[in-house]
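The values are calculated or read from the model by the stated rules, or taken from the named source; none is laboratory data. Keep in mind that what you see is a predicted model, and the values were worked out from it rather than measured. Cβ placement follows ideal geometry from the backbone for every residue including glycine, while neighbour counts extend to all protein chains displayed.
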Amino acid sequence: MSLTALPSELIFEIADLISRTAPRDIEDFGRSCRRVRGATIPLIKEHRRLLRQYTKLSVNNAEAAKFLYEVAKRPWVAFYPHTVEVSANRNWRTFEKTGLRKQINLVEDVKRKRATVDDEDLETVVLRTGFIPTQDVHVWMRAIDNGDEDYLFALLLASLPNLNRFTIRLDTNKMEQVKDMLRAIRMEWSRRPAWSNLKTVDVINREGASECDLEAFPLFAAIPGLQDLRGSNLMGMYRTCYRDGWLSYPGASSSITKVSLEACGMSVEGLETLMKSLHHLKHFRYVAHRAGWGAHNVSSFLKTAHDTLETLELSTGAGSSRYVGSLRAFTALQHVHLDTDMLVKNGKMQRFVDLMPASIATCTIAGNNLTKPMTDLFLAELFRPSFHYPNLKSIFAEDSWGKRNIGHERLKFQKEFHKQTTWMQRYR
């Protein structure tokens, strides 16, 4: 039967059901015919308003509570958020400590919103996650009403089925409930296909914080289906987290293709354990100007990514051994960004042709200690046809004065020389 033959009341009920169960499909349904379009106009307007308001969420504990109250009243709102950023605050972990006028106003607003929500509806939101036992519901209800950010962020993470990107900004606080929720999500992942949308996770520690709850990082990394994992400013728990407990954490998910770590003081043992299962890694970035160790041998450090790694960026700060070793084992490597002193072995600059694979396209070496003799030594033998690099476009040197192309003349000579000598090969 065609939709045009249905009574208006039934068309409206169908549209209302779609807007509650699969709100992203309401606009397609509204285009099906003229009668349907007229019935769905108010629902489509509401859908677009919710898209603008909730597709990207950036919340603290008060705003997270307000959003969960909205989900309790209208459960289909949980389908809208795709990008969520949560921010912890060590000075305001619950609603009880409200000193600033801004915080007092936020708490009053949250209480007004809470008054419009029934306890049964909020309990349904808690139980719908499937991770919280019935006997613990009253604990979660009390924590939500108190504005405990740990419980609120954990519930937010578990109750959004279309979540694509999750960012957590830590501030020296331990997120025990978030970590427990991550463990539960990881165990149930294969049975809950809706969570396969989560592709990107950012774990960020606020600037100026002396230490952070670094345990969340390997737990996020172990979530199946994850593709992009980023950490920033994760410092300060070296002794308490890595030396004792790191090796017992699960390895990273094999689906991860990009890892970016900035200002993260991690031990080599911890990173090796975390990345031993990365067989599809394409981009690896480690920038840590305060780390106390060198990258050592990158080829063995990322041995599972020899055939897949395309981009490598390293800057590990001062360390006892910073020489990265040869990168020729990375057969797919295209873009490299290294510090100058990572190329120095026993006080001698190593040659480009000894370090880089044939697939390399761009190479950047950064640092103010690059001298003319070091440059000549680095580019030595590059023009010879036996070291032909067909994809190489540029070799840059980056320092305080800017970025300049140091390999332009060598590459121009090599290209011309290769062009003039290739005709000989057919007669050999």
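Just one of K66, K56 is surrounded by fewer than 15 Cβ atoms within 10 Å (Cβ to Cβ), over 16 Å from R20 (Cβ atoms), modelled with pLDDT of 90 or more and not hydroxyl-bearing (S, T, Y); which is it?
Only one candidate passes the filter, namely K56.
Does the stretch 323-338 include one or more residues that are surrounded by fewer than 20 Cβ atoms within 10 Å (Cβ to Cβ) and of a type in the set (F, W, Y)?
There is at least one residue in the stretch 323-338 that is surrounded by fewer than 20 Cβ atoms within 10 Å (Cβ to Cβ) and of a type in the set (F, W, Y).
Of all residues being assigned to a helix (DSSP H, G or I) and among the small types (G, A, S) in the stretch 145-198, which is nearest to E63 (Cα to Cα)? Just the residue, please.
Residue satisfying both the conditions and the ranking: A154.
What are the residues in the stretch 367-382 that are in a loop (DSSP other than H, G, I, E, B) and farther than 10 Å from V353 by Cα, if any?
Passing the criteria: G367, N368, N369, L370, T371.
What's the number of the condition T94 fails, among (1) within 18 Å of M175 (Cα to Cα); (2) at pLDDT 90 or above; (3) hydroxyl-bearing (S, T, Y)?
(2)
Can you report the number of residues in the stretch 35-94 which are in contact with a helix residue (DSSP H, G or I) (Cβ under 7 Å, 6 or more places away or on another chain), of a type in the set (V, I, T) and outside the structural domain of L106 (by TED's automatic domain parsing)?
Count: 3.
Return the residues of the stretch 78-122 that are surrounded by fewer than 16 Cβ atoms within 10 Å (Cβ to Cβ), small (G, A, S) and part of a loop (DSSP other than H, G, I, E, B); say none if nothing qualifies.
Within the stretch 78-122, G99 is the sole residue that qualifies.
For the list (1) in a loop (DSSP other than H, G, I, E, B); (2) within 30 Å of S254 (Cα to Cα); (3) at pLDDT below 90, I need the number of the one condition that M342 fails.
(1)
Can you tell which of F383, F301, F352, F378 is surrounded by 16 or more Cβ atoms within 10 Å (Cβ to Cβ) and within 21 Å of E272 (Cβ to Cβ)?
F301
All but one of (1) aliphatic (A, V, I, L, M); (2) modelled with pLDDT under 85; (3) in contact with a strand residue (DSSP E or B) (Cβ under 9 Å, 6 or more places away or on another chain) hold for L377, so report the exception by its number.
Every condition holds for L377 apart from (2).
What number of residues within the stretch 395-419 satisfy the criterion of being surrounded by 15 or more Cβ atoms within 10 Å (Cβ to Cβ) and either in contact with a strand residue (DSSP E or B) (Cβ under 6 Å, 6 or more places away or on another chain) or at pLDDT 80 or above (or both)?
Going through the stretch 395-419 one residue at a time, the tally reaches 6.
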